1. Just going by the charge dipole of the stretch 2-200, with Lys and Arg at +1 and Asp and Glu at -1 on Cβ, which of A9, M175, I115 is farthest out on the positive end?
2. Which links in K129/K166; K69/K91; K93/K129; K69/K93 stretch past 18 Å when you go from one Cα to the other?
3. Taking K88 as the anchor, which aspartates and glutamates have their alpha carbon closer than 15 Å to its alpha carbon, excluding any fewer than eight residues away along the same chain?
4. Within the stretch 96-166, list the GluC sites (Glu not before Pro) lying in a DSSP loop whose Cβ has at most 14 other Cβ atoms in a 10 Å radius.
5. Which three extents, in whole angstrom, do the alpha-carbon atoms of the chain cover along their principal axes, largest first?
6. Evaluate 2.2 N^0.38 Å with N set to the residue count of the stretch 66-180, then give the Cα radius of gyration divided by it.
7. Given H placed on each backbone N at 1.01 Å, which residues far from W123 in sequence or on other chains put an amide H within less than 5 Å of it?
8. Relative contact order (percent) for the chain, with alpha-carbon contacts under 8 angstrom and 6 or more residues of separation?
Amino acid sequence: MISALQHYAYCPRQFALIHIEQVWAENFFTAHGNLLHERVDSYESEQRGSVRYERSVAVISHQLQLTGKLDLLEIVGRPTRYFPVEYKRGKPKRDDWDKIQLCAQALCLEEMREITIDEGALWYWQTRKREPVLFDEPLRDATFAAIDGAHRLLASGKTPMPTDEKRRCRACSLMDLCEPDTFRRDHSSAYITALFTDFSQ
Ligand code: SF4
């Protein structure tokens, strides 16, 4: 799922806990995000002037093995221009994980329609503003890297260690299930490696 890429970009351990170990926990942020998306999904498609607004649009990429749903797709004039929009509960992030999700949606549309999409937007509930997102080479590269990393992690079936970005853990709904500080403190694997190294000498 495209939405899983956001988990991977945020923290590969979070991705593994949800998509390999199948654990999940709501917190205020996730519950609020779900509510926002429920509201967005309930709106109908409509035409306003030369712009068609399609909501909850299903997309797929066979090449990238991705599937997902766009919150909003604006289809403008002739020649037809496609403009994906994703709704988010918070505010614009310093990091790219929201943009990666949007870019992956654009990549699916590009494959489905055999077109190129240059731009989309993220709309943030907290700021009530649209942030334009250019699908430039660096963002496309970051998105391809996240897709590849997520597929590899899924195939490995292994949950990696906690992220070094401790500030991310504070907003993570899986904090209690993940126990990042316990795992960061746990040096047993290094201890066992050292133990066997000593025996083999
Ligand atoms: S608590 Fe931290 S390390 Fe654990 S899944 Fe969440 S972000 Fe990743």
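1. M175
2. K129/K166; K69/K91; K69/K93
3. E38, D41, D71, D96, D98, E131
4. In loop regions of the stretch 96-166 (DSSP not H, G, I, E or B), the sparsely surrounded GluC sites (Glu not before Pro) are E114, E165.
5. That gives 76, 35, 26 Å along the principal axes, largest extent first.
6. Relative to the rule-of-thumb radius for its length, the stretch 66-180 sits at 1.21.
7. Residues meeting the criterion, in which the H sits 1.01 Å from N, are E86, Y87, K88, E131.
8. That works out to 23 percent.
Throughout, read-outs are computed from the coordinates displayed, never taken from laboratory work. What you are looking at is a predicted structure, and each value in this text was computed from that prediction instead of being measured. We place every Cβ from the backbone using ideal geometry, glycine too, and count neighbours over all the protein chains shown.
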